[in-house]
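Structure record follows, encoded as structure tokens.
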Amino acid sequence: MEKLSFVGKSLPRKDAEIKATGKALYSADLDFPGMLHAAAVRNPRPRIKISGISDAAAKKISGYRALVTYKDLRGPNKWPLVDTDYPFLPEGEARFEGETVALVVADSHRAARAAAQAAAIKYKELPFETDPLKSLEKGAVKLYGQDNVFAKFFIRKGDAKKALAGAAYTVEGEFTTNYQVHAYLETQGAIAVPQPDGGLVVYTTTQCPFYVLDAVAAACGLPYNKVKIIQTVTGGGFGGKEDVPALVASHAALCALKTGRPVRLIYDRTEDFRSMSKRHPSWSRVTYGADKNGRITSCVVKYVLDAGAYSTLSPIVLWRGTVHAAGPYRIENVLIETYAAATNKVPAGAFRGFGQPQISFAQESLIDELAAKAGKDPVDFRLHNLLGPGDATATGQVLTSSCGLRELVEAVRGKSGWDKWAETGFRRVEGNKARGLGVSAAYYGVGLGARGRCLDRAGALVNIYKDASVTVNVGNTEMGQGALTVLAQIAAETLNAPYESVRVEEVDSTKVPDSGPTVASRTTLMSGNAIIEAAKPIRDNLFRTALDLLKEKGADIAGMMQAADGVFSIADHRVTFGEVVKECWSRRLKMCEEGWYAAPRTTYDMKDGQGDAYVTYSWSADVAEVEVDLETGVLKVMKLWGAFDVGKIINPRLADGQAQGGMLQGMSWAVYENLVYKNGIMANPNFTGYVIATTADKPEYDITFIEKDYEDGPYKAKGMGEVPLIGVAAAVANAVKAASGVRVNSVPLLPEKIWQGMEERKISGGKK
Amino acid sequence: MRPELLVRPSSLAHLWKTLPSLPRDRRYLAGGTDLMIAASHGHAGDCWVDISGLKELRSFRETPSSLFIGSGLTISALAEMPAVKKWLPALALAAPHYASPSLRNMATIGGNAANGSPCADGVCALCSEKASIVLLLKGVKRKLPLPAFFLGPKRTALRKDELILGFEVPKWRHVSAYEKLGPRSYFGISKVSVCVSAEISGGVVKETVISCASVAPVPLMARKAAEFLYGRRLDEGTISEAAALAESEASPITDTRSEAGYRKAMVRVLAARALAKIAAA
């Protein structure tokens, strides 16, 4: 094992101080001379035909400047994303409540808000559809193409239906999950600043500065080299700042071009709720079959995502869900069909887990039912079927050695006292409260995979100044997950530079080439590898020069040179990183390099869904202990045991934070979060009505990492951000089943649903 | 959004003098915890009259037979008062269920009533304490039993510019229990709350007041259940029957927070739990 100085250590976060002390400058904190303020004029109804927009009343508001509509676009009215069905600003039709129809610009935020209220959209209501299953029926209101399907995928392996017919045990269930709101602390916002040459600099809170670049250049008809995107300190993303900041920034840019002044556009919480991306609601029907020995022989899945009014990221969210839909098991026969359906609701998109948590909830709930039918302990049943090194996934991808799933399940089994709980049927009752234990297993393809392969590359720029301070520029963002810190550790390790001397900057689109989005748990892997690529030639220079200096100091160069903690040494002779850098500069050696890393090829075939889907996978196992009030159905998650294989851990403290945050966010989705639409109108678009977990709801955590090296990863790391969230809902649902006897097939697992289930069981004498 | 105009009268006399000169679309600002939310939805008017500095609204007086609670007292201030702990056990028990510590430091008991919400924890508790509400308009006082103050969701008996001076609560020897179902462990608006105050003498119920939150258009007084309990021992059968009566009196709705059927059933569960706690006290 290589001895490491910086990687694998809990070094302090680079951005801790500015965030903790309030010095960090978010989008809304930036100010520019002559800056104006924009506000959105929004569609008040689910679907409308627009006949005009009048700012007659807005003109009476003091400080009002301009109305900006699709007519102000300088390029085609198509936001370039996976597809181009989402217009920058609608022309004839607006398709969901809260959609930006136009913008108003004014001297103050207050005047802009008042003008947006005063602006009048002239419209006629159109028939609309809010139910994704109805949207897929023949004769449904036409919202997209001929069939309202934004995307569909298939996986066909073996003969799943035949295998099901011959199975000793079969289970089938229908499951639904509701939206999840990202609830980032910082709402969406952007500032566009016109430049003397007609170009623009755009400051924005985003996970994907290069999506913003694509969109602003397209909307404004500008060449890319006249648009600069600067990522501001980003107050949370979770997927919610993947695609939509590009739309917000384009709107700010159009306002800036029209007025010739810097324009700031900051969303308030309610409009952020109403118009920005969400986790997709889902419907699924899952069927499993097993033979008499408890081996899973067949899996059939139909999975539908409620995509909302425009396709945005739905095709790729759906594809990830498709690939993982059968669960992390060896199954010879798999049939999966999946659809992203158009509805007249807010477009859903990326959210930590990206189409996987929904189907994981369904299939892992059902695996428990299958284990019960086969008369097996849920953990034993899983261990009997789990994927391991050398096994083939549902897509036929043969796994490498970087798969520790069985060890993860064994770890949570041991730590949770699973076998002791088994003696009482995973249920302990005290008074009118019952505790239950439940398990789940999950996996997560790291990076963009076959469907996103064209974007799966990243650049880095490493520059060592004369004073030996180091700046690293990358194309992936810090959004709270710790990227600045982890990437600084990788740079420090590769260069043998003191960690304190390395500074990683927020993304500036002119410093590094398009590095794809900051999503899919890919930043450590992609930007990390790009930094290593960039640092290698500099490292060679540094190490050669260090050896020369040590030789000059009288060291015996036959001995091995040690490079650790920013010091180079042979025996008692030593030189510091600073001394070596100074010498490199005096020798006119190149101390600045670019790196580029492209993900290895994947072989997945879209026709049958067979082939390598992702370059590697991260793995997780969860056990949840819950308490259910048997009279009220009130559910509390008491403890979560999580075990994760994410490859090498670069920063244990940050990894622990990611694990805790992911588990808590997964639990919050599973138990509390319930966004409600009533007749196409969002009914609780605020934190008063939309409930998320607080610190008081936080369960106790027990987190284990089992590091299975990924040879192509930076210092053998894989991806961390998402896998802790995915399996939580199913583990909780399985624990609720154990505690209350009720199988809740719908997320969130509200007390109302658990209570209803208990009432039905009373009537049926416990048979249901 | 912030209001166009914020005025801060220095005394009640100053307030009444200033009011005629102010825009018609004016609202009182006390703790601001509800008003700020209304403001973010654009429903809080152009002019706020800040009454948080008025000493006259922050009085607390104790007489041999009653307590007077100024409307401007915050929830956290009230929760710490020895007289509240001694004489108003329902209010003391409800306080920890009330929003969050930071909101309790800001929010006033008067504002909790003025907001007119059927889910208000402070109001629900005061109703079971047999409180009256004292209103004031330009020096003219009137007093209503607290339940009569509420006319419907967000509708109260307050007249234009009238404000809440405070609450008059009789001293009576009772024990209370406060049971709340919120959406999470704490810091949530109730799906259902049931508050019971009872005076038990010689093992039988002498007097009971049962108030419920979030299960009717206004804070609900479960009078049939309370009357049923008069003169009875709080045994299991009695508790069960009273709880069923309370359930029958509730008329909840389905909204984004919960479902009508569940809420109704939970009135029975919470009422039974509250009564059992009182029986055990």
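The values are calculated or read from the model by the stated rules, or taken from the named source; none is laboratory data. Because the structure is a prediction, the values reported are computed rather than measured. Methodologically, a virtual Cβ is constructed for each residue, glycine included, from the backbone with ideal geometry; neighbour enumeration extends over all protein chains shown.
Evaluation of residue A:613 against the conditions (1) assigned to a strand (DSSP E or B); (2) in the same structural domain as residue A:352 (by TED's automatic domain parsing) shows that the sole unmet condition is (1).
Considering A:676, A:671, A:732, the condition of being within 14 Å of chain B (Cβ to nearest Cβ) and surrounded by 23 or more Cβ atoms within 10 Å (Cβ to Cβ) is satisfied by A:671 alone.
Okay, residues lined up against (1) touching a strand residue (DSSP E or B) at 6+ places or on another chain (Cβ under 8 Å); (2) among the hydroxyl-bearing types (Ser, Thr, Tyr); (3) on the phi > 0 side of the Ramachandran plot:
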{"site": "A:701", "(1), (2), (3)": "yes, yes, no"}
{"site": "A:710", "(1), (2), (3)": "yes, yes, no"}
{"site": "A:714", "(1), (2), (3)": "no, no, no"}
{"site": "A:723", "(1), (2), (3)": "yes, no, no"}
{"site": "A:733", "(1), (2), (3)": "yes, no, no"}
{"site": "A:740", "(1), (2), (3)": "yes, yes, no"}
{"site": "A:746", "(1), (2), (3)": "yes, yes, no"}
{"site": "A:752", "(1), (2), (3)": "no, no, no"}
{"site": "A:760", "(1), (2), (3)": "no, no, no"}
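Each residue in the range A:99-151 was checked for being touching a residue at least 12 places away in the same chain (Cβ under 8 Å) and away from chain B (no Cβ under 14 Å), and 32 pass. Please work out which residue is surrounded by the most Cβ atoms within 10 Å (Cβ to Cβ), limiting yourself to the range A:279-315 and to residues that are within 28 Å of the chain's Cα centre (by Cα) and aliphatic (A, V, I, L, M). The qualifying residue surrounded by the most Cβ atoms within 10 Å (Cβ to Cβ) is A:307.
Assess whether residue A:377 counts as being surrounded by fewer than 24 Cβ atoms within 10 Å (Cβ to Cβ), more than 23 Å from the chain's Cα centre (by Cα), in contact (Cβ under 8 Å) with a residue 12 or more places away in the chain and closer than 22 Å to residue A:320 by Cβ. No. For residue B:194, indicate whether it is within 14 Å of chain A (Cβ to nearest Cβ) and modelled with pLDDT of 95 or more. Yes.
Just so you know, in the range A:591-601 the residues that are touching a Gly at 6+ places or on another chain (Cβ under 7 Å) and crowded, with 22+ Cβ neighbours inside 10 Å include one that is nearest to residue A:522 (Cα to Cα), and it is A:599. Can residue A:691 be described as free of Cβ contacts under 8 Å to residues at least 60 places away in the same chain and under 30 Å from residue A:324 (Cβ atoms)? For residue A:691, the condition - free of Cβ contacts under 8 Å to residues at least 60 places away in the same chain and under 30 Å from residue A:324 (Cβ atoms) - is met.
Within the range B:262-272, being closer than 22 Å to residue A:673 by Cβ and more than 7 Å from chain A (Cβ to nearest Cβ) holds for one residue alone: B:263.
Only one entry in A:244, A:202, A:227, A:263 is within 16 Å of the chain's Cα centre (by Cα) and either buried (at least 22 other Cβ atoms within 10 Å of the Cβ) or among the polar types (S, T, N, Q) (or both), namely A:244. A residue that is within 10 Å of the chain's Cα centre (by Cα) and without any contact (Cβ under 8 Å) to a residue 40 or more places away in the chain occurs somewhere in the range B:82-95. What number of residues within the range A:41-53 are aliphatic (A, V, I, L, M) and touching a Gly at 6+ places or on another chain (Cβ under 9 Å)? Counting residues in the range A:41-53 that are aliphatic (A, V, I, L, M) and touching a Gly at 6+ places or on another chain (Cβ under 9 Å) gives 1. Only strands (runs of 3 or more DSSP E) whose full extent lies in the range B:28-120 are considered here, and the ones with at least 2 residues that are crowded, with 16+ Cβ neighbours inside 10 Å are B:47-50, B:66-70. For the range B:155-166, residues that are touching a residue at least 12 places away in the same chain (Cβ under 8 Å) and part of a loop (DSSP other than H, G, I, E, B) total 5. Annotation: of all residues in the range A:621-637 being in a strand (DSSP E or B) and surrounded by fewer than 24 Cβ atoms within 10 Å (Cβ to Cβ), the one that is nearest to the other protein chains (Cβ to nearest Cβ) is A:636.
One line per residue, one yes/no per condition, for (1) out of contact with any Lys or Arg (no Cβ under 9 Å at 6 or more places or on another chain); (2) more than 30 Å from residue A:492 (Cβ to Cβ):
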position	(1), (2)
A:377	yes, yes
A:396	no, yes
A:417	yes, yes
A:439	no, yes
A:444	no, no
A:456	no, no
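Of everything listed in (1) in the same structural domain as residue A:255 (by TED's automatic domain parsing); (2) in contact with a Pro (Cβ under 8 Å, 6 or more places away or on another chain), the single unmet condition for residue A:150 is (1). Residues that are facing another protein chain (nearest Cβ under 9 Å) and at pLDDT 95 or above were ranked within the range A:683-693; the one that is farthest from residue A:268 (Cα to Cα) is A:693. Set side by side, the residues A:453, A:413 differ, and just one is buried (at least 17 other Cβ atoms within 10 Å of the Cβ) and modelled with pLDDT of 95 or more, which is A:413. Given the structure, is residue A:312 outside any strand (DSSP E or B), within 14 Å of chain B (Cβ to nearest Cβ) and among the hydroxyl-bearing types (Ser, Thr, Tyr)? Here the answer is no, as residue A:312 does not meet what is asked.
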